[in-house]
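Accompanying notes for the structure given below.
The values are calculated or read from the model by the stated rules, or taken from the named source; none is laboratory data. The shown structure was predicted, so the numbers you read here are calculated from the model rather than taken from an experiment. All Cβ positions, glycine included, derive from the backbone under ideal geometry; neighbour counts span all protein chains shown. In case anyone asks, the SASA skips ligands and DNA or RNA and just uses the protein heavy atoms, side chains included. Shrake-Rupley method; radii C 1.70, N 1.55, O 1.52, S 1.80 Å.
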Amino acid sequence: MAKRFELLILTPNQPIFQATVTSLVMPAEEGYWGVLARHIPSIVKLRAGKVRARTNGDSKEWDIKGGFAWVERERTTLLVELEGD
Amino acid sequence: MPGKSLRELRRRIKAIMGIAKLTDAMKKVAAARLRRAQRQLFASRPYVEAISSMTESIFFPNISHPFFEEREVRRGGIIVVSSERGLCGGYNMNIFREVEHLLGGVPDVLLFLVGRIAQRHFARRPYKIGGSFSFPSLGFSMEDILPLARASIGAFLQGEIDTLYIVYTHFHAPGALIPTTRRLLPLERKAEEREFLFEPKLEDLLDPLLTHYLHSFIFRALLEASASEQSARFISMDMATQNANRLLQNLRIQYNKERQALITKEISEIVGGAEALKGG
């Protein structure tokens, strides 16, 4: 089974999501970024687009307007504004 | 004449009942607004705290950006966060006292005033005003604070001020009004160098990241202040209602005493008159 990490999605208005996931794809300025557990610590500027998280079979999607991703080894925090918020 | 004092007492009782009703209604409004302000504050804190931790984790010793520039302080900028309306006890005075304290430490000052009460307070004082701003006391967004953030941060970048502070009331608990001063600029290099991947590369990422970090902090300070203001208004209206009720109780006792005295006097006059007639 794939290793999991914690995903936290926060907007200025409220926390949106918190759970452990196996993978994450997010829209960076120069193309999509994939994140798995134990990713090297990073800070990524996000543009408008779709964020997709997978937990084994399940997948979830959010439309974001932009923001920042804070990637740590065991946790990724998305600091974003949502489309239509 | 006792009749007149009874009428006077009745008039005062009625007036104070009106005041108590009014302050009680204001208290209930403030309680509802406090709940809303608190909800918004608590929902936003995780975002702002994460932005702060993330951004501060790369304040490496060798990082370079104009926001880190330490200059000799000739003029300091202060963002003063007050309220739009009064009737909130010592809320604004606490802030002004904190600002006066800070003013002692800088040779010259440029003020950015939030709220009508601060604008009125500083209008008659000899300080230079960099801008005046007003926000709805509830339900403002990150975008609403941009004019304030741009004006104050821009003044630092243009060298008009050499340091920037924000003075606001941090919301610890309802009723605890603690004026708080925080230095926004220049930023302090305090993180340990670590390996990090940046996308885009650091020199392109830094400016939007640091700007957003500062904006988020200003946004948070205004949310903290808004919850504090509502709680101050609730407490001050609660105290006013209690005082009015206490006064009302005293007046009613006095009124009843007067009325009793009047009745006693009338009865004794009638009895006295009857006795006199019998005797005659």
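Observations on the structure shown:
- Test: residue in the stretch B:231-243 that is closer than 30 Å to residue B:56 by Cβ and surrounded by 14 or more Cβ atoms within 10 Å (Cβ to Cβ): yes
- Enumeration of residues in the stretch B:160-175 that are more than 11 Å from residue B:227 (Cα to Cα), open to solvent by 30 Å² or more (accessible area, probe 1.4 Å) and either assigned to a loop (DSSP other than H, G, I, E, B) or modelled with pLDDT under 95 (or both): B:160
- Residue check: residue B:89 meets all listed conditions (1) touching a Phe, Trp or Tyr at 6+ places or on another chain (Cβ under 8 Å); (2) open to solvent by 10 Å² or more (accessible area, probe 1.4 Å) but one, namely (1).
- Just one residue in the set B:264, B:211 is more than 42 Å from the chain's Cα centre (by Cα) and either open to solvent by 30 Å² or more (accessible area, probe 1.4 Å) or in contact (Cβ under 8 Å) with a residue 24 or more places away in the chain (or both); that residue is B:264.
- Unmet requirement for residue B:149, which otherwise passes all of (1) within 14 Å of another protein chain (Cβ to nearest Cβ); (2) within 22 Å of residue B:32 (Cα to Cα): (2)
- The set of residues from the stretch A:12-37 being touching a Phe, Trp or Tyr at 6+ places or on another chain (Cβ under 6 Å) and within 30 Å of residue B:38 (Cα to Cα) comprises just one member, A:12.
- Exactly one residue among B:227, B:240, B:221 is closer than 24 Å to residue B:118 by Cα, in a helix (DSSP H, G or I), more than 10 Å from every other protein chain (Cβ to nearest Cβ) and in contact with a Pro (Cβ under 9 Å, 6 or more places away or on another chain), and that residue is B:227.
- Residue list for the stretch B:41-58, restricted to those being in contact with a Pro (Cβ under 9 Å, 6 or more places away or on another chain) and open to solvent by 10 Å² or more (accessible area, probe 1.4 Å): B:43, B:46, B:57
- Selection status of residue B:61, open to solvent by 20 Å² or more (accessible area, probe 1.4 Å), under 30 Å from residue B:199 (Cβ atoms), out of contact with any Leu (no Cβ under 9 Å at 6 or more places or on another chain) and in contact (Cβ under 8 Å) with a residue 40 or more places away in the chain: yes
- Residues that are open to solvent by less than 80 Å² (accessible area, probe 1.4 Å) and free of Cβ contacts under 8 Å to residues at least 24 places away in the same chain within the stretch B:139-158 comprise B:141, B:144, B:147, B:154, listed in sequence order.
- Output for the stretch A:6-29, where each listed residue is more than 7 Å from chain B (Cβ to nearest Cβ) and not hydrophobic (A, V, I, L, M, F, W, C): A:6, A:18, A:20, A:22, A:23, A:27
- Long-range neighbours under 6 Å by Cβ, at least six apart or interchain, first residue under 17 Å from residue A:84 (Cβ atoms) within the stretch A:49-67, second not in a strand (DSSP E or B): A:63/A:83; A:65/A:48; A:65/A:83; A:66/A:47; A:66/A:48
- Only one entry in B:50, B:43, B:37, B:20 is more than 14 Å from every other protein chain (Cβ to nearest Cβ) and in a helix (DSSP H, G or I), namely B:20.
- Flag if residue B:62 is polar (S, T, N, Q), at negative phi, over 20 Å from the mean Cα position of the chain (by Cα) and more than 14 Å from chain A (Cβ to nearest Cβ): yes
- Residue within the stretch B:67-82 that is of a type outside the set (Val, Ile, Thr), out of contact with any Lys or Arg (no Cβ under 9 Å at 6 or more places or on another chain) and within 14 Å of another protein chain (Cβ to nearest Cβ) present: no
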